[in-house]
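The next block holds one structure in the form of structure tokens; read it before the comments.
Just so you know, all these numbers are worked out from the coordinates, no wet-lab data involved. Everything numeric here is computed off the predicted structure, so don't read it as measured data. Neighbour counts are summed over all protein chains in view; Cβ atoms, including those assigned to glycine, are modelled from backbone coordinates with ideal geometry.
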Amino acid sequence: MTLISLWYGQNHGLLPTAASSDAGDVDQLFNFMMTIATGLFLLVEGVLVYSVIKFRRVKGDFTDGPPIEGNVPLEIVWTAIPTVIVFILSIYSFEIYNRMGGLDPMTAGDPGPQMAHAHHHSQLVALDPNRQNIALGLGASPDSKQGINPLEIKVNGIQYAWVFTYPETGVISGEIHVPVNRPVALNMTAGDVIHAFWLPEFRIKQDVIPGRVTNLVFTPNQIGQYPVVCAELCGAYHGGMKTQLYVQSEEDYQKWIQENTFAMNDEDNQSVAMNPIPSSDAEFLAPYAKDMGVSSDTLAQLKPTENK
């Protein structure tokens, strides 16, 4: 039973491709839980099957079974074992979540002197509930500690599309492109209701909240195309709020940036030449709607926001 549990815990095949540096840690936790769950399943079901066969009613025997009221030591054992398992899993998952920056994105991967700063910062927040500058989300990966500047991308979630803005180049897109092996920092907010930015292959998910900025930092390590899904029920067309994340080589990523930069400049020049009159947000973004996969109804929902 132990050998079967150990084998299945590592060979269940239930997880999609691991495409980020943090995915391995999450997969190890999941495999550990699958090993324990398989062992418990075999143990409990094995006892049940054995009991059904061993203690089945004999033909012609209509007597009552023995009057068993309980077994205190057995009840203590089967209560203590799950308690210990849950306690171990809690510590293990806490460590992984903290390593990924879930508790404080500013101290991810570095529990040294910054922990004191984080503790002091949390005290300030407790004293002032209106303090809004504490980071929310998953923080910096260990790679960012090695002098690698993350690629910053602004994410806006609206019903029912994702809009990605690259501050370094000004590119705006309805799909996200990132270079392989470079940390990516997403600064996310929502324009209407709560959404959730979910990357299954990267094992990360973060709520996107109106009026707040949440962070999501990860390092893609496999070139490929991966789905981006909204994992928070956000309205009638929630199921259609999908797009794609493309992990590319540095050369392909720079080529995509250049192509979209030139395309946007051309569209801007044509728009200014044909219509110099000031336009609304929806009218200004209309030329990008086709390439981004954003409908005119979605553009009509855009409203200006005021920073407070």
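Computed quantities for the displayed model
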item: Neighbour-count ranking [beta-carbon atoms within 10 angstrom, fewest first] of ARG182, ARG212; result: ARG212, ARG182
item: Phi to ³J(HN,Hα) by Karplus 6.51 cos²θ - 1.76 cosθ + 1.60 over the stretch 41-46, Hz, x for Gly, Pro; result: 4, 5, 5, 5, 5, x
item: Distance in nm between pseudo-label sites at TRP78 and SER51 (7 Å out along the Cβ direction from Cα); result: 0.6
item: Centre separation in Å (Cα based) which lies between the stretch 42-61 and the stretch 191-221; result: 50
item: Sequence-distant residues sharing a close amide H with GLY170 (under 5 Å, placed H); result: none
item: Per-residue Cβ neighbour rank within 10 angstrom, fewest leading, LEU245, LEU151, LEU233; result: LEU233, LEU151, LEU245
item: Residue exposure sequence - TRP7, TRP198 - by fewest surrounding Cβ within 10 Å; result: TRP7, TRP198
item: Extension gain from GLU175 to PHE30, taking 0.36 nm per residue of separation minus the Cα-Cα distance; result: 49.3 nm
